[in-house]
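Undergrad: Quick one: the structure is below, questions incoming.
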Amino acid sequence: MRILIIATLPLLGGCLAKTAIGVATAPVKVAGKVADWTTTSQDEADRNYGRKMRKQEAREGRERREAARRCRRDPATCGEY
């Protein structure tokens, strides 16, 4: 019986050490996840910027077409766009 207990001690020691390391590093891992969730990655920022620019270009295109229509209807009121 003693031989069985002595034989399993190294296994338990490794398991306990691994658990202790897991418990000790958990707050660091959680803090890293929170930082990932709260910050914007460069890829995400590029994607958001691209979307913003496409919307702006679409709005400017609509404004340009509307100004051209107004100019065709009444050339006297046509100013510089």
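Undergrad: For the stretch 22-29, check the following and say yes or no: at least one residue is in a helix (DSSP H, G or I) and of a type in the set (D, E, K, R).
TA: Yes, some residue in the stretch 22-29 is in a helix (DSSP H, G or I) and of a type in the set (D, E, K, R).
Undergrad: Now a separate question. Across the stretch 41-52, what is the total count of residues that are surrounded by fewer than 10 Cβ atoms within 10 Å (Cβ to Cβ) and either among the hydrophobic types (A, V, I, L, M, F, W, C) or outside any helix (DSSP H, G or I) (or both)?
TA: Total satisfying the criteria: 1.
Readers should treat all values here as calculations from the given coordinates under stated rules, not as data from a laboratory. Just so it is clear, the model here is predicted, and its values are computed rather than measured. Cβ atoms come from the backbone with ideal geometry, glycine included; neighbour counts cover every protein chain shown.
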